[in-house]
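The values are calculated or read from the model by the stated rules, or taken from the named source; none is laboratory data. From a predicted model like this one, the values you see are computed outputs, not experimental measurements. Cβ: placed from backbone, ideal geometry, glycine included. Neighbour counts: every protein chain shown.
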Amino acid sequence: MSITAVLVLFSIVWFLILFLTLQIKIKTQGDSGSVLKGTHASSPVNFSIKNRLITTTLISVPISALVIFIILSGFITLDMFDFYNLIEK
């Protein structure tokens with residue numbers, strides 16, 4: 001597995017986890033009862049992107065490592081997904 005493949009895999013996992021963590025523990029302006037003029041009621045009250053990015057990285061590193069281990073160990077191979085016998089052996 002090349003370094004490019006590892007970086008692409010990590011990026012995919014990282015962004016997937018980021019979009020999942022953005023939805024956790026959101027307190028909206030509508031929930032707090034103080035909607036600022038010019039904003040939507042579903043806008044967050046206090047949004048800390050730094051904590052989200054750190055959490056995303058801490059979650060995505062072990063998940064990426066597990067996926068890379070599964071791929072490199074041969075537990076899952078490309079031949080398992082060759083349903084139409086298109087890969088020459």
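Across the range 27-46, the qualifying residues are those that are surrounded by 12 or more Cβ atoms within 10 Å (Cβ to Cβ) and of a type outside the set (S, T, N, Q), and the one among them that is farthest from residue 72 (Cα to Cα) is 35.
State whether one or more residues within the range 49-68 are in a loop (DSSP other than H, G, I, E, B), among the β-branched types (Val, Ile, Thr) and out of contact with any strand residue (DSSP E or B) (no Cβ under 8 Å at 6 or more places or on another chain). No, every residue in the range 49-68 fails to be in a loop (DSSP other than H, G, I, E, B), among the β-branched types (Val, Ile, Thr) and out of contact with any strand residue (DSSP E or B) (no Cβ under 8 Å at 6 or more places or on another chain).
Would you check which residues across the range 67-89 are closer than 18 Å to residue 8 by Cα and of a type in the set (Phe, Trp, Tyr) and list them? Once the filter is applied, which keeps residues that are closer than 18 Å to residue 8 by Cα and of a type in the set (Phe, Trp, Tyr), the range 67-89 yields only 69.
For the range 9-33, which residues satisfy the criterion of being in a loop (DSSP other than H, G, I, E, B), farther than 29 Å from residue 70 by Cα and modelled with pLDDT of 85 or more?
25, 26, 27, listed by residue number.
Among the candidates 54, 63, 68, 24, single out the residue that is farther than 19 Å from residue 5 by Cα, surrounded by 10 or more Cβ atoms within 10 Å (Cβ to Cβ) and of a type outside the set (Asp, Glu).
After applying the criteria, what remains is 54.
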